[in-house]
Amino acid sequence: FHEIEPTIDRTTLIQKFINFFKMKKLAIDDQVLAETSNLQLLSTLAMLAPFNKIDKQAILESPTMIDRLSTINSILDLNTFQVVSNNKPTQLN
């Protein structure tokens, strides 16, 4: 199993999820996440996150763990951008 254990930036990934969960007004125990292996972390976060069905399917179809990480990061970035954009006040001309 150590051979398939991906090398990831755990701190950045966990922080992205914490921020994402906060935006969705949900709680996540970062201490529990810190105690998991990289492989388990990627799978657990993908299952726990309130992603839509299409996003979850994209994660499941990722052929490698590095692809899964890239997909998760893309989904988090996109969702974070959408939430921030939707919360900005609109200006009327």
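The values are calculated or read from the model by the stated rules, or taken from the named source; none is laboratory data. Since the structure is predicted, the reported quantities are computational estimates derived from the model, not experimental observations. For neighbour counting, all protein chains shown are included, and Cβ atoms are generated from backbone atoms with ideal geometry for every residue, glycine included. With ligands, DNA and RNA removed, areas are computed over all heavy atoms of the protein, side chains included. Shrake-Rupley method; radii C 1.70, N 1.55, O 1.52, S 1.80 Å.
How high is the FRET efficiency from ASP77 to THR11, r the C-beta distance, R0 22 Å, rounded to 0.05?
Values: r = 16 Å, r/R0 = 0.75.
Rounded to the nearest 0.05, the efficiency is 0.85.
Accessible area of the range 17-78 with a 1.4 Å probe: how many percent of it is carbon plus sulfur?
Values: 2130 of 3710 Å².
Of all accessible area on the range 17-78, carbon and sulfur atoms account for 58 percent.
Modelled this way, with points 7 Å down the Cα-to-C-beta line, the labels at LEU26 and MET47 are 1.4 nm from one another.
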